[in-house]
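Taking it in order: structure first as structure tokens, then the write-up.
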Number of protein chains: 2
Amino acid sequence: MALFVMKFGGSSVGDTERMQRVARRVVEKQDEGNQVVVVVSAMGDTTDDLIDQAKLLSKEPPLREMDMLMTTGEQISISLLSIAIHAEGRKAVSFTGWQAGFRTDKEHSRARITDIQPQRVQAALDEGNIVVVAGFQGISEDGEITTFGRGGSDTTAVALAAAISADYCEIYTDVDGIYSTDPRIVKNARKLQEISYDEMLELANLGAAVLHPRAVEYAKHNQVRLVVRSSFNHNEGTVVKEEAKMEQGVVVSGIAYDKNVARISILGVSHIPGVLAQVFGTLAEAKIDVDIIVQSGVQDGKADFSFTVALTDRERALQVINGIRSSLPFDEVTSEDGLVKVSIVGAGMVSHPGVAAKMFDVISKEDVNIKMVSTSEIKVSCVIEGTKLNEVVKALHTAYGLDTESQVFVGGPQDRR
Amino acid sequence: MALFVMKFGGSSVGDTERMQRVARRVVEKQDEGNQVVVVVSAMGDTTDDLIDQAKLLSKEPPLREMDMLMTTGEQISISLLSIAIHAEGRKAVSFTGWQAGFRTDKEHSRARITDIQPQRVQAALDEGNIVVVAGFQGISEDGEITTFGRGGSDTTAVALAAAISADYCEIYTDVDGIYSTDPRIVKNARKLQEISYDEMLELANLGAAVLHPRAVEYAKHNQVRLVVRSSFNHNEGTVVKEEAKMEQGVVVSGIAYDKNVARISILGVSHIPGVLAQVFGTLAEAKIDVDIIVQSGVQDGKADFSFTVALTDRERALQVINGIRSSLPFDEVTSEDGLVKVSIVGAGMVSHPGVAAKMFDVISKEDVNIKMVSTSEIKVSCVIEGTKLNEVVKALHTAYGLDTESQVFVGGPQDRR
């Protein structure tokens, strides 16, 4: 007998029929001799509908009240799913976040879990129940209802799996698992059998929206064995764990891209260190995340530097910088959109030099300029113009031997990546 | 400075505009120098919609999960109303039933309040907040979410008013107050300025659905001063309290009717006491309420008796009785619908004989047969055929001097009622 946490997102429980399908799926798992905890998100568009209602009443609704409002979405899901499981002739019991023992700090809309006291979950399991837990929510020390922010249901599932020492935490989604790249762009993208936490983190952060980065971090920290699989079929899915088995000769596991990118350039800067500190300090205060930062050559004692922010943050970032302009010694600030960040990710890179050079080579053969570069132990990212994104991703996918129909060993020249 | 509990039902907060109107109304009350707690129900049809969703999944959803589901309705209302009050520039904080301290027994779907610990409500008031509390819900000793059943939001308001020693508990509804009878039938029905708890209880039980009987009982027991008034205008409403001021010569305060009535007759019964015990014992076990019971004359050592149940319970009641027939010495069971129960209610009756005789006289002058009669200290009820209901109510309203345009003293002959 194994203990499973199964997490289903909003689209998996979007209507009555899907809810019934999830109920049967969960019952099946119990029939195989397992104990089962299910974590669910709000149904379909419920969360967005609730936000819309609040926005009709106020442009800036208080976060505490938004948490009070939004948590009803998951509460509706858990009760309906429990009812559907009962209709299948099984015992089920639903718990809100606070009932399941999720203690958090006081940061409404983006609370962090401080502690989990899963006694009620454990007791209900021991009594033979399928336990259905509301994702995304907890309770603060003061008894206030809090939420974890978007993607928080993944975190609920992983954290609960850790707290009750589950054998597996299965994340059910609308794709079969983690792919080597977006199958909408590359038709013969391969489904990965296994992937390491670190690789998954890079992929998650780079726009492959299957798993929330925070959930992956939590899984890594607690060594929770994650499985990403489809709620619409019984295919095997991808296992995310500490040491993923590497396929022969595959140094790059996946290729990710992110279209939500804008480049901001500050030109003619005299005192680089002071300016950098002030610009990024002010952006951080405004809660604008900066990704890649590049400084270009010095001329006449002045230098230029560029950085990327989310495209959706561009206007705010420009406002922030123009707001501090009077006190800053720079000539001009410009911004650029229509960009995309393409990344190759793979734990095998560390021991295989030349991986980055091959990337630059492939991109340049597509006649595309590389505007910025950033690297880590297990990834290389390039910011390029977005117009030829599909061609670049396809070419990289082939070059690193990821196409399912022709799995070729790919070495590469002995340069530094 | 006075402390008000203001309760708004589902239709008063049915959409964004109405929610905003309630917010302004509440702010107005605070502006007059008062502390304000608001109790709200679920918006419009939310509760029914949730029930419909559950019924799609199961014919008999578990009550625990139904409570989990239904309580989201009020939770949505309290958060949206708080957001609307914030938009008016005031501090507001919402509490679910368990946050507001409503402890109940474990009876899901019809829990009774065992204790209220209103510390959080009190603290939030002391900090200058308008406090918004979810009606109809609480928490059991085991941390299970419970509901009070329909009409439970009135009970929440009254019980909370008692717990925090509020000066007034105002029940806002879609009518101006308590009327001497249904204004849809009698155009010049009079709005009552005051009414006693006991009279209100009779009216509430008799189908005047403005206030839930349990809430009135709770108010009487805790001497909470209730005000029933409209959420759509600023008219004065009706005060419900222990000793209502009696208007000169008015012995009957109101006339109520109930169309949800069926008569069941058991004919040819040999051993009346044993049969009565068995029939009503079995009906009580099946949770079918019996109202009026009448035994008619004995013939050949056998008697007939009749009783009324809710029309909606008729089929079940017949099944129950036929189910025990084999062990019971009676000849036949019949039932009759198309009936209505008309009642006159007034604390002044006790000291004014002849009130009942006048009622029988008025009804017979309308050429309507009286099928059953039942009396208490402050009411007389007659079950009649429903076809002439409107004429009977109008005639009674006039006869007891309740028409607003011609308030005449009505004495009556010196018979016993």
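The values are calculated or read from the model by the stated rules, or taken from the named source; none is laboratory data. Quick caveat, the model's predicted, so the values are computed rather than measured. All Cβ positions, glycine included, derive from the backbone under ideal geometry; neighbour counts span all protein chains shown. To get the accessible areas, we keep the full protein, side chains included, count just its heavy atoms, and leave off ligands, DNA and RNA. Shrake-Rupley method; radii C 1.70, N 1.55, O 1.52, S 1.80 Å.
Gap in Å between the Cα centre of the stretch A:157-200 and the Cα centre of the stretch A:60-102? Taking the Cα centre of each part, the stretch A:60-102 and the stretch A:157-200 sit 25 Å apart. Excluding ligands, DNA and RNA, the accessible surface per residue across chain A is 42 Å² with a 1.4 Å probe. With r defined as the distance between the Cβ atoms of residue B:331 and residue B:310 and R0 fixed at 25 Å, what FRET efficiency is calculated, to the nearest 0.05? Efficiency for this residue pair is about 0.50.
Selection among B:102, B:76, B:47 by position relative to the dipole of the stretch B:1-111 gives B:102 as farthest towards the positive end (Cβ unit charges, Cα centre).
Separation of the stretch A:6-31 and the stretch B:350-393, taken as the distance between their Cα centroids, equals 58 angstrom. For a straight C-alpha distance cut-off of 12 angstrom, the aspartates and glutamates reachable from residue B:220 (same-chain residues fewer than eight places away being disregarded) are B:198, B:199, B:242, B:243.
Against chain B, whose longest principal axis is taken from its Cα atoms, helix B:152-163 shows a tilt of about 60°. Summary of the geometry: the stretch B:275-340 and the stretch A:255-333, compared by the centres of their Cα atoms, lie 85 Å apart. Only alpha carbons enter this Debye calculation for the protein assembly as shown, each as an equal point scatterer, and the log10 of I(q)/I(0) it gives at q = 0.04, 0.07, 0.09 Å⁻¹ is -0.27, -0.70, -0.98. Cα-based values for the stretch B:247-417, radius of gyration first and Dmax second, are 18.1, 58 Å. Computed across the stretch B:12-90, the Kirkwood hydrodynamic radius from all distinct Cα-Cα pairs reaches 13.9 Å.
Averaging the sequence gap over all C-alpha pairs within less than 8 Å and six or more residues apart, then dividing by the number of residues, gives the stretch A:96-176 a relative contact order of 30 percent. Label-to-label distance, residue B:360 versus residue B:52, with points set 7 angstrom from Cα along the beta-carbon direction: 4.9 nm. Kirkwood Rh over alpha-carbon pairs of the stretch B:104-184, then Stokes-Einstein at 4 °C and 1.567 mPa s: what D in µm² s⁻¹, rounded to an integer? In µm²/s, the coefficient rounds to 90. Along its principal axes, the stretch B:3-173 has C-alpha extents of 50, 34, 22 angstrom, given from the largest down.
The label point for residue B:193 and the one for residue B:1, both projected 7 Å from the Cα toward the Cβ, are 3.1 nm apart.
Stretching the chain fully between residue B:165 and residue B:370 yields a gain of 69.2 nm (0.36 nm per residue, less the alpha carbon separation).
With a simple spin-label model that places each label point 7 Å from the Cα along the Cα-to-Cβ direction, the separation between residue A:126 and residue B:282 comes to 4.4 nm.
Past 18 Å, Cα to Cα, is the threshold; run B:187/B:371; B:341/B:379; B:7/B:55; A:358/A:379 against it and keep the listed order. Violating the 18 Å limit, Cα to Cα: B:187/B:371; B:7/B:55. Please find the FRET efficiency linking residue B:15 to residue A:223, where r is the Cβ-Cβ separation and R0 is fixed at 41 Å, and quote it to the nearest 0.05. The calculated FRET efficiency here is 0.25. Neighbouring Cβ atoms from other chains, within 10 Å of the Cβ of residues in B:92-98, number 4 on average.
Restricting to Cα pairs below 8 Å that are 6+ residues apart, what does the relative contact order work out to for the stretch B:3-173? Please round to a whole percent.
With pairs under 8 Å counted, the relative contact order is 29 percent.
Beyond 20 Å, what share of the Cα-Cα pairs of the stretch A:262-336 is found? Please give it as a whole percent. I get 20 percent for the Cα pairs in the stretch A:262-336 exceeding 20 Å. Provide the percentage of antiparallel DSSP beta bridges, counting only those with both residues in the protein assembly as shown; round to the nearest 5. Bridges in the protein assembly as shown are about 60 percent antiparallel. The other copies place their residue B:373 label points at 10.5 nm from this one, listed shortest first, where each point is 7 Å from Cα along Cα→Cβ. Provide, for q = 0.06, 0.10, 0.11, 0.15 Å⁻¹, the log10 of I(q)/I(0) from a solvent-free Debye sum over equal Cα point scatterers in chain A. Debye intensities relative to I(0), on a log10 scale: -0.29, -0.78, -0.92, -1.34. Secondary structure note: in the stretch A:3-173, about 20% of the DSSP beta bridges are antiparallel.
Residues of the stretch A:18-63 buried by at least 30 Å² of accessible area upon assembly of all protein chains, compared with the chain on its own (1.4 Å probe): A:53, A:56, A:57, A:62.
Rg over Rh for the stretch A:285-381 works out to 1.03, using Cα positions for both radii and the Kirkwood form for Rh.
The convex hull of the Cα atoms of the stretch B:51-93, projected and averaged over all directions, covers 3.5 nm².
Which FRET efficiency value, to the nearest 0.05, is calculated for residue A:302 and residue A:184 with the Förster distance at 60 angstrom and r the Cβ-Cβ distance?
Here the calculated transfer efficiency is 0.85.
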